[in-house]
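The values are calculated or read from the model by the stated rules, or taken from the named source; none is laboratory data. Every value quoted in this text rests on a predicted model; they were computed, and no experiment measured them. We place every Cβ from the backbone using ideal geometry, glycine too, and count neighbours over all the protein chains shown. Ligands, DNA and RNA are excluded from the accessible area calculation, which covers all protein heavy atoms including side chains. Shrake-Rupley method; radii C 1.70, N 1.55, O 1.52, S 1.80 Å.
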Amino acid sequence: MTRVVPQNITVRGARELLDGGDVSSVELTQAFIDRIDAIESSVKSFVTVTPGLALEQACAADERIDSGNAAALTGIPMQLKDNMATRGVATTCSSRILEGFIPPYDATVATKLYEEGAVLVGKGNLDEFAMGSSTENSAFFPTRNPWDLDRVPGGSSGGPAAAVAAGECVYALGSDTGGSIRQPAALCGVVGLKPTYGLVSRYGLVAFASSLDQIGPITKDVGDAAHVLNAIAGHDPRDSTSIDGDVPDYKKALTEDIKGLRVGVPKEYFVEGMEPGVEDAIRRAIDTLAAMGAVVSETSLPSTPYAMAVYYIVAPSEASANLARYDGVKYGYSTDTPGNMWDSLEDTRREGFGPEVKRRIMIGTYALSAGYYDAWYKKALQVRTIIRQEFRQVFQEFDVLVSPTSPSVAFPLGDKTADPYMMYLNDVFTQPANIAGIPAISVPAGMCDGLPVGLQFMASHLQEGKLLRAAHAYEQATEWHTLQPDL
């Protein structure tokens with residue numbers, strides 16, 4: 001008989017149960033499979049569930065635990081966003097053009113987790129090719145927010161964030177191109193960490209915008225984020241952008257002392273149109289940091305208002321190049337309508353790509369086209385350099401910066417689908433960190449109308465230690481991370 005496992009169990013809690021012999025990995029995994037069976041029809045966080053593989057991996061994990069050779073993540077069920085290659089398991093990017101595609105290899109992050117003895121319970125739903133902020137752009141179905149099933153979970157990593165919040169897995173990996181880990185983490189009341197660009201290998205991550213994409217953990221709390229980051233960080237010669245250097249033990253940053261920590265509050269991150277309840281929660285969180293001994297003061301990043309314009313030129317431009325590989329010849333969907341090679345190529349892409357992906361391909365192709373390249377793409381890269389310089393300057397004065405993660409709480413399904421610009425505004429506070437390549441994390445920081453609010457911390461290049469220290473200390477001084485949706 002499968003034992004009852006708490007919905008809010010953490011990596012560390014699961015590790016104690018497994019190492020203490022209170023539960024086996026097979027029992028733990030079966031409990032999560034049962035949980036998925038019970039609620040997945042309501043939440044819809046998975047594109048693919050892998051119970052057979054999960055139980056096979058759990059058996060191997062139990063043998064490893066019995067031999068005294070368990071790692072931090074051995075035997076613990078997790079989910080991977082469905083844009084990370086998994087050998088023998090479909091990887092679709094929630095797109096018709098890759099429906100049924102089964103990779104012959106694993107992404108580096110999957111390999112690293114498997115080496116730790118992790119257990120894969122399935123692949124998480126996302127906005128098609130990670131293009132979106134609500135997971136409504138999935139070609140298969142929208143994911144729903146566990147706090148209110150009539151609302152979005154955020155995106156594009158909405159499946160992973162909802163799965164962690166709903167207790168369908170202990171942790172998950174998402175990808176973050178402009179906020180796609182942090183924004184859904186905020187809207188679902190969990191923790192989402194975007195590491196420094198290049199700290200975690202992108203090999204096997206299906207590319208959206210290669211200079212912005214980064215894989216990171218979505219977890220119940222900051223301590224778990226440190227554990228998962230320890231497992232997936234490090235140099236990978238198969239990724240040309242991977243940082244070559246020693247990786248510290250991020251668990252050592254988990255202290256509750258932030259006395260003297262210099263915390264900057266960029267005034268540009270408190271904009272007109274932000275929900276008043278969100279701003280109130282963030283202001284209270286900042287007061288909490290000050291009460292804990294942090295040295296808090298206002299600062300300025302004057303080019304922040306241009307970050308969204310830069311993002312929506314650079315990201316679609318890179319996407320238009322990356323998605324050119326989907327031609328229906330080598331793999332994935334191919335049209336069955338008659339015609340010559342060019343007709344077949346056009347029909348495959350017209351039928352295989354969804355509206356948002358087509359929109360961004362057209363924007364990017366236009367920005368890169370002759371006569372417009374200098375005016376749009378080149379200019380965006382120049383402003384990107386200015387934004388990076390402003391972050392470097394402000395981090396000479398501050399250890400971390402704090403801001404809202406999202407200007408709003410989770411919004412109703414269908415509320416913004418007819419207005420792409422309003423949808424894009426949901427990432428207005430998260431995109432600058434991707435543009436600058438710096439680490440950032442979202443942690444629960446309050447409730448507004450019964451829905452979670454996220455607090456974002458940002459730190460300088462490769463300063464994940466400072467980031468985790470500040471986020472963990474705040475988290476432990478509050479109770480927001482302990483709240484659970486009632487499903």
Within segment 429-487, of all residues that are farther than 28 Å from VAL310 by Cα, assigned to a loop (DSSP other than H, G, I, E, B) and in contact (Cβ under 8 Å) with a residue 24 or more places away in the chain, the one most open to solvent (accessible area, probe 1.4 Å) is ASP449
Reported set for segment 318-339 where residues are over 18 Å from PRO103 (Cα atoms), in contact with a Lys or Arg (Cβ under 9 Å, 6 or more places away or on another chain) and part of a helix (DSSP H, G or I) is ALA319, SER320
_Whether any residue in segment 286-303 is among the polar types (S, T, N, Q), part of a strand (DSSP E or B) and out of contact with any helix residue (DSSP H, G or I) (no Cβ under 9 Å at 6 or more places or on another chain) is what I want to check._
yes
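Each row is one residue, and each column tells you yes or no for (1) more than 29 Å from TRP376 (Cβ to Cβ); (2) surrounded by fewer than 17 Cβ atoms within 10 Å (Cβ to Cβ); (3) modelled with pLDDT under 90.
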position	(1), (2), (3)
ALA321	no, yes, no
ALA324	no, yes, no
VAL329	yes, yes, yes
GLY352	no, no, no
PRO355	no, yes, no
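Kindly indicate whether MET78 is touching a helix residue (DSSP H, G or I) at 6+ places or on another chain (Cβ under 8 Å), surrounded by 24 or more Cβ atoms within 10 Å (Cβ to Cβ) and farther than 23 Å from CYS59 by Cα. Full working, then the answer.
Working: touching a helix residue (DSSP H, G or I) at 6+ places or on another chain (Cβ under 8 Å): yes; surrounded by 24 or more Cβ atoms within 10 Å (Cβ to Cβ): yes; farther than 23 Å from CYS59 by Cα: no.
Criteria not met by MET78.
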Considering only helices (runs of 4 or more DSSP H) wholly within segment 141-232, the ones with at least 1 residues that are surrounded by fewer than 24 Cβ atoms within 10 Å (Cβ to Cβ) are 222-232
Conditions (1) open to solvent by 20 Å² or more (accessible area, probe 1.4 Å); (2) of a type in the set (A, V, I, L, M, F, W, C); (3) more than 26 Å from GLN393 (Cα to Cα) -> VAL271 fails only (3)
(Q) Going by what's in this entry, would THR385 be described as of a type in the set (S, T, N, Q), without any contact (Cβ under 8 Å) to a residue 60 or more places away in the chain and open to solvent by less than 70 Å² (accessible area, probe 1.4 Å)? (A) yes
Of (1) surrounded by fewer than 21 Cβ atoms within 10 Å (Cβ to Cβ); (2) within 30 Å of ARG359 (Cα to Cα); (3) in contact (Cβ under 8 Å) with a residue 60 or more places away in the chain, THR405 satisfies every one except (1)
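Kindly indicate which of ASP236, ASP244 is part of a loop (DSSP other than H, G, I, E, B) and without any contact (Cβ under 8 Å) to a residue 12 or more places away in the chain. If you could, list the steps in order and put the result at the bottom.
Values: ASP236 fails: without any contact (Cβ under 8 Å) to a residue 12 or more places away in the chain.
Exactly one residue qualifies, and that residue is ASP244.
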Scanning segment 359-382 for residues that are part of a helix (DSSP H, G or I) and open to solvent by less than 70 Å² (accessible area, probe 1.4 Å) gives ARG360, ILE361, ILE363, GLY364, ALA367, LEU368, ALA375, TYR377, ALA380, LEU381
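In segment 142-155, is there at least one residue being among the polar types (S, T, N, Q), touching a Leu at 6+ places or on another chain (Cβ under 8 Å), under 24 Å from ASP239 (Cα atoms) and in contact (Cβ under 8 Å) with a residue 24 or more places away in the chain?
Kept after step one, since they are among the polar types (S, T, N, Q), are these residues of segment 142-155: 143, 145.
Remaining after also requiring touching a Leu at 6+ places or on another chain (Cβ under 8 Å): 145.
In the following step, the residues that additionally are under 24 Å from ASP239 (Cα atoms) were identified as none.
Checked segment 142-155: no residue is among the polar types (S, T, N, Q), touching a Leu at 6+ places or on another chain (Cβ under 8 Å), under 24 Å from ASP239 (Cα atoms) and in contact (Cβ under 8 Å) with a residue 24 or more places away in the chain.
Going residue by residue through segment 125-139, is there one that turns out to be in contact with an Asp or Glu (Cβ under 9 Å, 6 or more places away or on another chain) and surrounded by fewer than 24 Cβ atoms within 10 Å (Cβ to Cβ)? Explain how you work it out, then say what you get.
Initial filter on segment 125-139 (in contact with an Asp or Glu (Cβ under 9 Å, 6 or more places away or on another chain)): 125-139.
Okay, now just the ones that are also surrounded by fewer than 24 Cβ atoms within 10 Å (Cβ to Cβ), so 136, 139.
So far as segment 125-139 goes, yes, one or more of its residues are in contact with an Asp or Glu (Cβ under 9 Å, 6 or more places away or on another chain) and surrounded by fewer than 24 Cβ atoms within 10 Å (Cβ to Cβ).
Could you say whether any residue in segment 409-421 is part of a strand (DSSP E or B), out of contact with any Pro (no Cβ under 8 Å at 6 or more places or on another chain) and surrounded by 21 or more Cβ atoms within 10 Å (Cβ to Cβ)?
There is no residue in segment 409-421 that is part of a strand (DSSP E or B), out of contact with any Pro (no Cβ under 8 Å at 6 or more places or on another chain) and surrounded by 21 or more Cβ atoms within 10 Å (Cβ to Cβ).
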Quick count over segment 10-23, residues being touching a residue at least 40 places away in the same chain (Cβ under 8 Å) and buried (at least 19 other Cβ atoms within 10 Å of the Cβ), is 5
